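Colleague: Once you've had a glance at the structure underneath, I'll fire off some questions.
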Amino acid sequence: MTAIRPLVAGNWKMNGLSGSLSELAALRKRVDAAPVPQADAMMCPPATLLTGARDVLEGSSILLGAQDCHSLPSGAHTGDISAEMLADAGATAVIVGHSERRIDHGETDALVHAKALAAYRAGLTAIICVGETEAQYRDGKTLDVLRSQLEGSVPEGARAVNTVVAYEPVWAIGTGLTPTPPEVAQVHGLIRSVLGQRLGDSEAGATRILYGGSVKPANAAELLFVPDVNGALVGGASLKADDFYEILAVYA
Ligand code: PEP
């Protein structure tokens with residue numbers, strides 16, 4: 001099996017006015033000056049900044065992603081944005097099923113599944129997020145919850161080239177808390193085995209499984225070199241070019 005090329009993706013969430021593009025420009029400068037050839041880097045700004053970010057990143061190796069999409073290509077859906085529109089704005093990937101969407105907007109596995117299919121339809125990579133809540137973690141239900149989320153959210157036709165899975169324990173997002181490396185290894189192993197049952201071992205063995213939740217420069221190496229971890233989805237630390245670059249640079 002060929003080695004999986006890691007991906008470090010940043011998620012700005014609902015942060016960043018247009019001035020934040022200067023952080024992206026600073027990140028680009030650092031990556032241009034000292035490329036990290038062993039990993040891909042991606043930034044997912046809010047939709048309003050996609051075209052500005054595309055301009056900042058023109059000619060750079062840093063990929064551009066979006067944070068959510070509607071399941072349909074167009075129509076009467078005020079305030080929503082289709083995967084096709086994201087592609088038109090320069091995105092090559094879209095996060096679907098982030099826990100903040102699942103919690104704030106009541107998104108179900110079925111909707112996440114439909115959004116992943118929409119991403120494929122538009123030629124985008126779907127970054128499908130799964131993760132247990134604190135209560136589920138405390139009750140020892142993590143593996144059952146993840147199996148069920150994966151079965152409901154990952155389309156049968158998912159392929160390693162168009163799909164990334166991000167394991168993001170809800171209790172670790174923005175809290176400074178993280179699972180232990182052995183816990184991360186156990187969950188990522190489970191994710192790969194469920195993907196194997198759904199997509200076949202060859203696709204599952206090539207699919208990137210990211211860890212997300214309070215990844216910082218100080219803990220990146222400890223979390224990202226765990227078996228079956230193929231990169232990170234980074235929230236808070238993606239807002240600062242230097243922090244994000246330091247996380248990426250664990251793969252230097
Ligand atoms: C996220 O929400 O995707 C995330 C990982 O956030 P943070 O890194 O801030 O915990």
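Derivation of every value follows stated rules applied to the coordinates shown; laboratory data play no part. All values reported here derive from a predicted model rather than from experimental measurement. When we count neighbours, we look across all protein chains shown, and the Cβ atoms used for this are built from the backbone with ideal geometry, even at glycine.
Colleague: Mind checking which residues of segment 115-146 are more than 18 Å from Arg192 (Cα to Cα), charged (D, E, K, R) and buried (at least 21 other Cβ atoms within 10 Å of the Cβ)?
Modeller: Lys115
Colleague: Let me ask something else about it. Consider segment 191-215. How many of its residues are without any contact (Cβ under 8 Å) to a residue 60 or more places away in the chain, within 16 Å of the ligand (Cβ to nearest atom) and in contact with a strand residue (DSSP E or B) (Cβ under 7 Å, 6 or more places away or on another chain)?
Modeller: 3
Colleague: Quick one: which of Leu86, Leu146, Leu124 is over 17 Å from Gly65 (Cβ atoms), without any contact (Cβ under 8 Å) to a residue 60 or more places away in the chain and not small (Gly, Ala, Ser)?
Modeller: Result: Leu146 is the single residue among Leu86, Leu146, Leu124 that is over 17 Å from Gly65 (Cβ atoms), without any contact (Cβ under 8 Å) to a residue 60 or more places away in the chain and not small (Gly, Ala, Ser).
Colleague: Also, I was wondering about something else. What's the number of the only condition in (1) within 16 Å of the ligand (Cβ to nearest atom); (2) farther than 21 Å from Ala41 by Cβ; (3) surrounded by fewer than 17 Cβ atoms within 10 Å (Cβ to Cβ); (4) small (Gly, Ala, Ser) that Ala218 fails to meet?
Modeller: With respect to (1) within 16 Å of the ligand (Cβ to nearest atom); (2) farther than 21 Å from Ala41 by Cβ; (3) surrounded by fewer than 17 Cβ atoms within 10 Å (Cβ to Cβ); (4) small (Gly, Ala, Ser), Ala218 is out only on (2).
Colleague: Continuing with the same structure: Which residues, counting only those in segment 52-83, are crowded, with 17+ Cβ neighbours inside 10 Å and closer than 29 Å to Leu146 by Cα?
Modeller: Leu63, Leu64, Gly65, Ala66, Gln67, Asp68, Cys69, His70, Ser71, Ile81, Ser82, Ala83 - these are the residues of segment 52-83 that are crowded, with 17+ Cβ neighbours inside 10 Å and closer than 29 Å to Leu146 by Cα.
Colleague: For residues that are away from the ligand (no atom under 16 Å from the Cβ), in contact with a strand residue (DSSP E or B) (Cβ under 7 Å, 6 or more places away or on another chain) and assigned to a loop (DSSP other than H, G, I, E, B), tally how many sit in segment 1-49.
Modeller: Total satisfying the criteria: 3.
Colleague: Condition first: closer than 22 Å to Ala34 by Cα, more than 9 Å from the ligand (Cβ to nearest atom) and touching a strand residue (DSSP E or B) at 6+ places or on another chain (Cβ under 8 Å). Now tell me which residues in segment 221-238 satisfy that.
Modeller: Hits for segment 221-238 are Leu224, Asn230, Gly231.
Colleague: Keeping to segment 147-190, report how many residues are within 16 Å of the ligand (Cβ to nearest atom) and surrounded by 15 or more Cβ atoms within 10 Å (Cβ to Cβ).
Modeller: Adding up the residues that qualify gives 17.
Colleague: Which numbered condition trips up Leu111, out of (1) among the aliphatic types (A, V, I, L, M); (2) in a loop (DSSP other than H, G, I, E, B); (3) buried (at least 17 other Cβ atoms within 10 Å of the Cβ)?
Modeller: With (1) among the aliphatic types (A, V, I, L, M); (2) in a loop (DSSP other than H, G, I, E, B); (3) buried (at least 17 other Cβ atoms within 10 Å of the Cβ) applied to Leu111, the lone miss is (2).
Colleague: Additional query: Tally the residues that are surrounded by fewer than 18 Cβ atoms within 10 Å (Cβ to Cβ) and in a helix (DSSP H, G or I), restricting the search to segment 85-107.
Modeller: Residues flagged as surrounded by fewer than 18 Cβ atoms within 10 Å (Cβ to Cβ) and in a helix (DSSP H, G or I) within segment 85-107 amount to 3.
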